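Input: a single structure, listed below in structure tokens.
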Amino acid sequence: MDMMMSEVLMRLGWTSLQSAVLVALVWGVCRLLPQLPSATRCRLWWLVAAQAVLGLLWSSPLELAVLPAPAPAAVTAPAMALPAFDAAVQAAPVTYAATALESATMTASWPLLLLAAWAAGVLLMLMHSLRGYRASRALVRSATECTD
């Protein structure tokens, strides 16, 4: 569960960062080129939205065959075990387990809070959008036909 939460938060963070950069880029292009057709502007903003959705759903990056494979890191084991170290490790497993449990609960709480804050923001924006939709529908309902 903790690994999945970490993966979701990592993907959410990178997608948010990429989306922010892309939003700034599209905003800059639309600002610098006012003669850009509105259809092109609309397509650019739809591409930003598509990137935000695909960034959350697409978990693995594209693998290119032209890139070399990463070299495996060589880990060397010590030639002989130290008896004093082994005795110290076996003498204090309870203290280590308690400390590991406390640190696991501390590290599991902040990612959960971060994910809850993001979900609350999404819910707030959804409520704002629904309120705007209802207001536009009320405006259309109250409109009268132009007879002039």
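The values are calculated or read from the model by the stated rules, or taken from the named source; none is laboratory data. Here the structure is a predicted model, which means the values were calculated and not measured. Here the Cβ positions follow ideal geometry from the backbone for every residue, glycine too, while neighbour counts run over all protein chains shown.
At a glance:
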| item | result |
| --- | --- |
| Restricting the stretch 136-148 to residues that are surrounded by fewer than 10 Cβ atoms within 10 Å (Cβ to Cβ) and of a type in the set (A, V, I, L, M, F, W, C), the residue that is modelled with the lowest pLDDT | CYS146 |
| Residue check, THR99 loosely packed, with under 10 Cβ neighbours inside 10 Å, farther than 30 Å from GLN18 by Cα, over 28 Å from the mean Cα position of the chain (by Cα) and at pLDDT below 90 | no |
| Condition check for MET1: modelled with pLDDT under 90, closer than 30 Å to ALA117 by Cβ and loosely packed, with under 12 Cβ neighbours inside 10 Å | yes |
| Check on CYS42, farther than 30 Å from VAL23 by Cβ and at pLDDT 85 or above | no |
